[in-house]
Amino acid sequence: MHISQKTVDTEEIELDLFLQAIHLKYGYDFRNYNKAHLRRRINQRLQLSGLKTISELQNRVLWEKEFFQTLIQDLSITVTEMFRDPEFYAAFRKKVIPDLKTYAHIKVWHAGCSTGEEVYSFAILLKEEGILSKTRIYATDINKNALATAKQGIYSSKEMEQYTRNYMEAGGAGKLSDYYTSKYGSVLFDQSLVKNVVFADHNLVTDGVFAEINLVFCRNVLIYFDKFLQNKVLTLFSNSLTKRGFLCLGTKESLQFSEEEANYSDIDKKMKIYRKLTGSL
Amino acid sequence: MTPAIVIGASSGGMEAIRQVLSGLPDKFEVPVLIVLHIGSNNINHYLSLLGSNIGFRVKEAGEKEAIESSTVYFAPPNYHLQVEANFTFSLSIDAKVNYSRPSIDVLFETAAWTYKEKLIGVLLTGSNSDGASGLKAIKEYGGTTIVENPASAYTNTMPLAAIDASTPDYVLDLKDIAQKITELCAGN
Ligand SMILES: C[S@@+](CC[C@H](N)C(=O)[O-])C[C@H]1O[C@@H](n2cnc3c(N)ncnc32)[C@H](O)[C@@H]1O
């Protein structure tokens, strides 16, 4: 069967209306997320629910609150790991930690922390460098289920082999297994690591600045946004960062060609570690 | 709208892709977007070898990069590669599709949405069934599909799965694929 040109364009219209409906009804704004990605996720949900068109899905999501929760899970990609991109952590140790050590207090923001693996990884790094106790960490996401997992710090033990390898490559000073206890195929991370962590619901699209931050981690979140939204969120980070604050993006993300590019210097170009210039803002 | 070509390959794919690309004329302008399962975190070595062998630019596709003519783009290892409606790339790290990231289906399907009947999809050797439903989507949106002949492919699982999922427009030996692509693009 050939879908006619007309039907195809109809799908784009449906998607726009659908995103608008979600925004009006629930306040979540996905209108400037990458469309190809949204469409793939929504198509999967259509198949699973036995629905044919996005319009049918829109009808359900408007009238069934619980169904919206399912959809939020579909639209937010929570795939993550501990010490993802170990070279990034190694570079961070070398190039940023020495500066952080001179601070009296450090405030860190993990924006889009997902299920928390990144937060525990970073807390371990800070602990090994002896500065965890003077650090306050905000870990935020829009996905409430992911945040609940993050708070618990319980992960599948199946992942530990890979995470241990990452930890070593990241320059870990001890053994990863020093930081967790295993039970029935799960591991529980040492809760003293997250004593100074606040896990909170925060939407980068619709919520604003909430604290003065020395270091922002926002890794593998901006890749889901279009250029306009990327610029908007980068401005939010600039407004949150102290003078000479650090910004860390995912390895495929970049400040290059963004509106904020001129306000930062490169600390590590390849690993996407940036520092806000003194003169800016 | 200028047309585009998408190619997917898995085991044996490095050599198969090299053969197809080096069979294209040096002045070939249509952008080529490729997912190759390489099972490693680094394709730079392969890309620079390839680039020194053929007449046009070969590179890893970048986040938000605009798709340009006379260029061959490869999906970065460990990321899905998607085509957006404004002819730029987007990357995603969501779950593996068909045990693969990057997945051929993801590239083919999103390219089909954007390029519609202006797309040529080519599926080569491989030992899984990634690409079969992507190729089907290309047909549904009016594009043209080519599958490597399973009888002569290095590994036939992927071509067979594709032929099973939808009827390709052409089933060809590897050596004849570049010629067919050139013909199809000339007629456009
Ligand atoms: C792929 S994960 C990245 C996790 C981690 N930073 C890493 O690099 O491994 C992306 C996360 O961004 C979150 N996210 C998406 N849109 C968001 C928004 N508007 N505000 C806050 N978080 C968002 C998702 O819920 C998801 O948990």
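Some notes on this structure:
- Taking region A:100-120 as the range and being in contact with a helix residue (DSSP H, G or I) (Cβ under 6 Å, 6 or more places away or on another chain), within 16 Å of the ligand (Cβ to nearest atom) and either open to solvent by 30 Å² or more (accessible area, probe 1.4 Å) or under 19 Å from A:Ser254 (Cα atoms) (or both) as the test, the residues that pass are A:His110, A:Cys113.
- Residues of region B:94-110 that are within 9 Å of chain A (Cβ to nearest Cβ) and surrounded by 24 or more Cβ atoms within 10 Å (Cβ to Cβ): B:Val106, B:Glu109, B:Thr110.
- Test set (1) assigned to a helix (DSSP H, G or I); (2) in contact (Cβ under 8 Å) with a residue 24 or more places away in the chain; (3) open to solvent by 30 Å² or more (accessible area, probe 1.4 Å) - B:Leu21 fails condition number: (3)
- Residue identified as modelled with pLDDT of 95 or more and within 11 Å of chain A (Cβ to nearest Cβ) among B:Leu91, B:Leu119, B:Leu124: B:Leu91
- Answer residue from region B:135-145, given it is within 11 Å of another protein chain (Cβ to nearest Cβ) and outside any loop (DSSP other than H, G, I, E, B) and is farthest from B:Pro159 (Cα to Cα) among those: B:Glu140
- Residue in region A:254-270 that is within 16 Å of the ligand (Cβ to nearest atom) and in the same structural domain as A:Gly130 (by TED's automatic domain parsing) present: yes
- Looking across A:Ile124, A:Ile97, A:Ile142, A:Ile154, one residue alone is under 23 Å from A:Thr251 (Cα atoms), away from chain B (no Cβ under 14 Å), away from the ligand (no atom under 11 Å from the Cβ) and under 20 Å from the mean Cα position of the chain (by Cα). It is A:Ile124.
- The condition of being more than 18 Å from A:Val79 (Cβ to Cβ), of a type in the set (D, E, K, R) and more than 13 Å from the ligand (Cβ to nearest atom) holds for only one of A:Asp190, A:Asp201, that being A:Asp190.
- From the options A:Lys101, A:Lys134, A:Lys144, residue that is over 22 Å from A:Thr206 (Cβ atoms), of a type outside the set (Val, Ile, Thr) and touching an Asp or Glu at 6+ places or on another chain (Cβ under 8 Å): A:Lys101
- Search result, residues across region A:217-260 that are open to solvent by 20 Å² or more (accessible area, probe 1.4 Å), without any contact (Cβ under 8 Å) to a residue 40 or more places away in the chain, closer than 23 Å to A:Ile97 by Cα and within 14 Å of another protein chain (Cβ to nearest Cβ): A:Lys252, A:Ser254
- Helices (runs of 4 or more DSSP H) fully within region A:33-108 counting 1 or more residues that are touching a residue at least 60 places away in the same chain (Cβ under 8 Å) and among the aromatic types (Phe, Trp, Tyr): A:86-95
The values are calculated or read from the model by the stated rules, or taken from the named source; none is laboratory data. In this text, all values refer to a predicted model and were calculated from it rather than measured experimentally. Reconstructed Cβ throughout: ideal geometry from the backbone, glycine too, with neighbour counts over all protein chains shown. These accessible areas exclude ligands, DNA and RNA; they are computed on the full protein's heavy atoms, side chains included. Shrake-Rupley method; radii C 1.70, N 1.55, O 1.52, S 1.80 Å.
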